[in-house]
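A short worksheet on the structure shown next.
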Amino acid sequence: MKWSLFNRRTADQMRPLYTIAVWLLLSIPVIGQPLSHGHVFTHADTLRGSNGPYRAWWDVMHYDITVRPDFATKSIVGKTTITFDATAPGQRMQIDLQQPLVVDSVIAEITKTWESGGSFGSPRLKFERDGNVVWVELPEPAEVGTRILIHIHYHGMPKEAKQPPWDGGWIWKTAPEPPNQQVWEPPATRRQSQQLIF
């Protein structure tokens, strides 16, 4: 009997300590996950990190990237052709092209034939820049299942890597053999490569 009374008293005395211990254990994850991480998400973060409605309606089948480097100015002139299928009706496209590269033109290979027998193709598309995003407008909504090619012409001086591959960017150098052969390498990191030219 004494033993059960002792245990009951001990349990009654320990209950507040158990409550405090459980409360502390449950609050540790809350302390470890503060509500504010000190980072404010920007409009650019939202565009870069999402597959929003202007990316979701088209499915890339092929990228064809042509780049002509100019070693004297450490600049490039390029053309990226995107072949895609429309998986839903859509007209506005979101395409990444990292600044300071400048878009010169966006041309689509769209052929439309009218009942009267006339046709047109390869229209210049309207586009606008929003940070590292280029918004492209097709002349009319693409129908589901349509395959379209667009050609994006651009130029500029891409970011140069200072300490590749840790900081990303292009690598420009002169190789010792054969004498004075110019060598360039595209962006040093895969993520930057994706954002830089398509």
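Does the range 30-39 contain at least one residue that is in a helix (DSSP H, G or I), at pLDDT 70 or above and either more than 30 Å from Ile107 (Cα to Cα) or not hydrophobic (A, V, I, L, M, F, W, C) (or both)?
If we filter the range 30-39 for residues that are in a helix (DSSP H, G or I), which is where we start, we get 30-32.
Now restrict to residues that are at pLDDT 70 or above: none.
The answer is no, given that none of the residues of the range 30-39 is in a helix (DSSP H, G or I), at pLDDT 70 or above and either more than 30 Å from Ile107 (Cα to Cα) or not hydrophobic (A, V, I, L, M, F, W, C) (or both).
Can you work out which of the residues in the range 105-163 that are aromatic (Phe, Trp, Tyr) and at pLDDT 85 or above is nearest to Thr42 (Cα to Cα)? Explain how you work it out, then say what you get.
Filtering the range 105-163 down to residues aromatic (Phe, Trp, Tyr) leaves 114, 120, 127, 135, 154.
Still in the list and also at pLDDT 85 or above: 127, 135, 154.
Working: Phe127: 22, Trp135: 18, Tyr154: 26 Å.
Filtering the range 105-163 for residues that are aromatic (Phe, Trp, Tyr) and at pLDDT 85 or above, the one nearest to Thr42 (Cα to Cα) comes out as Trp135.
Which pairs turn up if I take residues in the range 140-161 that are of a type in the set (Phe, Trp, Tyr) and look for partners that are assigned to a loop (DSSP other than H, G, I, E, B) and at pLDDT 90 or above with beta carbon separation below 6 Å, at least 6 apart in sequence or on another chain?
Tyr154/Leu101
Which of the residues spanning the range 51-94 are of a type in the set (Asp, Glu) and in contact (Cβ under 8 Å) with a residue 12 or more places away in the chain? Step through it out loud before you land on a result.
Narrowing the range 51-94 to residues of a type in the set (Asp, Glu): 59, 64, 70, 85.
Those that are of a type in the set (Asp, Glu) and in contact (Cβ under 8 Å) with a residue 12 or more places away in the chain: Asp59, Asp64, Asp85.
Only one of (1) hydroxyl-bearing (Ser, Thr, Tyr); (2) outside any helix (DSSP H, G or I); (3) modelled with pLDDT under 70 is not met by Thr10, so which one is it?
For Thr10, the failing item is (2).
Gly49 versus (1) modelled with pLDDT under 65; (2) surrounded by 10 or more Cβ atoms within 10 Å (Cβ to Cβ); (3) small (Gly, Ala, Ser): which is the lone unmet condition?
Single failed check for Gly49: (2).
The values are calculated or read from the model by the stated rules, or taken from the named source; none is laboratory data. None of the values given here were measured: they were computed from a predicted structure. Neighbour counts run over all protein chains shown; Cβ positions are idealised from the backbone, glycine included.
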